[in-house]
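In what follows, a structure is listed as structure tokens, so that the remarks can point back to it.
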Amino acid sequence: MSQTSPAAGAEIEVRGLHKSFGDNEVLRGIDLEIGRGEVVCVIGPSGSGKSTLLRCVNLLEEPTKGQVLVGGTELTDPDVDIDAVRRRIGMVFQQFNLFPHLTVTRNLTLPQRRVLGRDKAEAARVAAENLARVGLSEKADAYPASLSGGQQQRVAIARSLSMGPEVMLFDEPTSALDPELVGDVLAVMRMLADEGMTMMVVTHEMTFAREVADRVVFMDGGVIVEQGAPAQVIGDPAHERTRHFLSRLLDPAMAEVEEGTPEQLGKGD
Amino acid sequence: MTAPDVRLQPRKKGLTRTQKRTLSRGAQYVVFVAAVIAFAVAADWGRLKNQFAQWSIAKQMFPDVITLALKNTVLYTLSGFVVGLVLGMVIALMRLSSVGPYRWVAGIYIEIFRGLPALLIFIFIGVAVPLAFPGTEIVGGTYGKVALALGLVAAAYMAETIRAGIQAVPKGQMEAARSLGFSPARAMISIIIPQAFRIILPPLTNELVLLFKDSSLVLFLGVTLEERELSKYGRDLASTTANSTPILVAGLCYLLVTIPLGFVVRRMEAKAQEAVK
Ligand SMILES: Nc1ncnc2c1ncn2[C@@H]1O[C@H](COP(=O)(O)OP(=O)(O)OP(=O)(O)O)[C@@H](O)[C@H]1O
Ligand SMILES: [Mg+2]
């Protein structure tokens with residue numbers, strides 16, 4: 001609970017957020033502030049509502065109650081132009097969700113042109129710049145299907161960056177990847193964090209959380225159980241539920257189950 | 001696959017499974033060949049040839065059967081297809097709409113037009129519309145009427161095909177588009193529909209083949225000489241020459257188009273199968 005750092009004013013603000021799917025109350029009152037340039041990792045057991053929280057932040061899920069503000073704009077205001085706000089919020093999915101019918105470059109240029117109305121040359125320039133940032137310039141003309149998972153995820157990040165977002169949301173960006181491909185994606189995320197991007201990252205990568213995050217948030221049962229500096233939450237958790245979760249994550253028998261989940265998800269796609 | 005099975009099973013007296021299968025397959029061939037021979041012997045080939053394969057009559061059909069009749073058949077089919085595609089797209093989107101009344105209207109349309117024979121719709125367009133709106137002419141004369149009648153029929157089928165195609169595009173595609181700031185309509189047009197069409201290209205081409213054949217119903221609208229398509233042209237000529245050769249030639253012209261199209265569809269389906277693997 002110590003050391004929250006909304007230094008330059010909150011970029012993301014979540015107030016009294018509730019979300020139910022039918023009778024199933026998935027989020028039971030979330031309050032969270034993320035400062036400009038802050039990197040917050042959200043951890044917690046499966047089904048605790050991490051994805052739902054992240055998806056509420058760009059209104060892919062409609063909150064049942066409460067407010068969400070990004071860059072001072074209230075997304076939960078029924079009169080807000082949600083498409084305009086979403087342009088400022090990048091989102092990276094577990095399953096990449098690249099557009100399979102378009103080349104890598106077109107994946108990056110089409111949203112810029114259709115949504116931001118950039119002209120062809122400008123869109124192409126921004127796309128090339130961001131492809132270079134994620135180290136995939138040579139894949140500009142490839143189709144997503146011909147890329148490895150790690151490369152697809154880096155293209156997905158470049159696609160989001162091409163829209164010039166102020167905030168980036170990541171939902172288990174490496175969970176669907178083979179272990180040897182995880183590093184490249186995390187390196188790109190690390191670079192973004194160093195450049196001062198505001199990031200909210202749902203992840204099971206404890207090393208990344210420990211090294212990159214300014215703050216770690218532990219969720220369970222639809223509430224934030226504890227939050228604070230990574231060293232504190234991961235290294236010396238105050239709550240029994242956090243300890244239990246972390247020990248299961250480190251237990252090799254449990255680790256097998258954790259690895260199984262993203263693969264099953266991958267097959268469903 | 002069967003070999004190990006046979007070995008695993010205790011050998012009963014009598015035939016093994018492989019032997020039984022060979023025997024039953026052999027029997028099928030014998031019956032089939034016998035049936036073909038029986039037909040060939042029983043049919044009066046001389047009379048059939050006289051009635052259906054008169055070279056002189058067939059020759060006098062050219063080039064009109066191609067430049068007029070086949071051309072019109074293709075024109076009718078394509079115009080019906082385009083109308084059906086546009087209307088089908090609208091109905092599919094209505095069917096997927098979150099607005100209840102849109103969904104109901106689309107559902108009712110599909111149920112009605114899928115359930116009616118195309119022939120009745122042609123008669124309806126030909127008779128009922130001029131009665132109901134006297135003085136108005138459907139744009140494009142016969143061509144407009146055909147496009148409308150075929151389009152109305154095709155739209156019901158295509159709407160269901162397009163809807164299935166749109167639903168086959170993974171949910172994550174819409175979410176990715178929305179999170180990039182696409183409006184729902186923009187995302188549908190730029191991201192979802194192009195992918196849906198790749199999925200439904202084979203069934204849409206099949207629909208084209210069906211329309212190609214249904215275009216023969218133009219006959220019931222009453223057409224001028226220049227507006228005749230393959231079936232009408234073949235039938236007219238058959239009655240003036242008192243010979244059925246024109247029917248056979250017209251039939252061959254249909255196959256000239258439908259067989260290659262069918263081949264294209266199977267190729268696309270095989271390719272799609274491969275892409276899934
Ligand atoms: N669209 C939905 N409709 C109904 N229930 C949903 C929906 N999305 C999520 N849920 C339910 O909400 C709960 C929390 O789901 P959520 O995906 O947020 O968990 P999570 O913490 O991200 O888990 P994981 O680590 O497995 O991704 C689960 O019980 C899930 O079944
Ligand atoms: Mg999740």
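The values are calculated or read from the model by the stated rules, or taken from the named source; none is laboratory data. Being a predicted model, the structure only gives us computed values, none of them experimental. Note that we place each Cβ from the backbone using ideal geometry, even for glycine, and neighbour counts take in every protein chain shown. Side chains included, ligands, DNA and RNA excluded: accessible areas come from the protein's heavy atoms. Shrake-Rupley method; radii C 1.70, N 1.55, O 1.52, S 1.80 Å.
Summary of computed values
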item	result
0 to 90° range, to nearest 10: angle between helix A:179-194 axis and chain A longest Cα axis	90 degrees
Surface accessible to a 1.4 Å probe, B:Phe32 within the full protein complex, Å²	130 Å²
Expected 222 nm ellipticity per residue - DSSP helices of 4 or more, -39500 (n - 2.57), all of chain A, to 500	-11000 deg cm²/dmol
DSSP beta bridge pairing in the protein assembly as shown, given as percent antiparallel to the nearest 5	55 percent
Surface accessible to a 1.4 Å probe, B:Asp236 within the full protein complex, Å²	40 Å²
Max mean-square fluctuation residue, GNM over chain A, Cα-Cα springs under 10 Å, options A:Asn130, A:Asn97, A:Asn107	A:Asn97
Which of B:Ile121, B:Ile189, B:Ser97, positive extreme of dipole for the protein assembly as shown (C-beta unit charges)	B:Ile121
Net charge of Cβ neighbours under 13 Å - reference B:Val257; Lys, Arg +1; Asp, Glu -1	+1
Bridge type composition, chain A - antiparallel percent by DSSP, nearest 5	55 percent
Label-point separation in nm, A:Ala121 to B:Ala242, each point 7 Å along Cα→Cβ	7.8 nm
Highest-MSF residue in chain B out of B:Val127, B:Val33, B:Val83 [GNM, Cα springs under 10 Å]	B:Val33
Kyte-Doolittle mean at least -0.5, axial Cα span of 20 Å or more - DSSP H helices of chain B	B:17-42, B:71-95, B:100-115, B:141-168, B:193-214, B:245-276
Shielded residues, the stretch A:104-149 - accessible-area loss of 40 Å² or more between chain alone and all protein chains, probe 1.4 Å	A:Arg114, A:Val115
Förster radius 35 Å - calculated FRET efficiency between A:Met206 and B:Arg198 (Cβ-Cβ, nearest 0.05)	0.30
Residue-averaged [θ]222 nm for chain B, counting only DSSP H segments that reach four residues, each worth -39500 (n - 2.57)	-24000 deg cm²/dmol
Nearest-ten-degree value, helix A:240-250 long axis tilted from longest Cα axis of chain A	50 degrees
Environment charge of A:Val14, counting only residues whose C-beta is closer than 10 Å and scoring Lys/Arg +1, Asp/Glu -1	-2
Listed residues B:Ala34, B:Ala106, B:Ala168, most fluctuating in chain B (Gaussian network, C-alpha, under 10 Å)	B:Ala34
Distance between modelled label sites at B:Lys71 and A:Asp79, nm, 7 Å Cα→Cβ extension	6.2 nm
In range of the label at B:Leu252: residues from the stretch B:45-64 whose backbone nitrogen is under 12 Å from the point 7 Å along Cα→Cβ	B:52-62
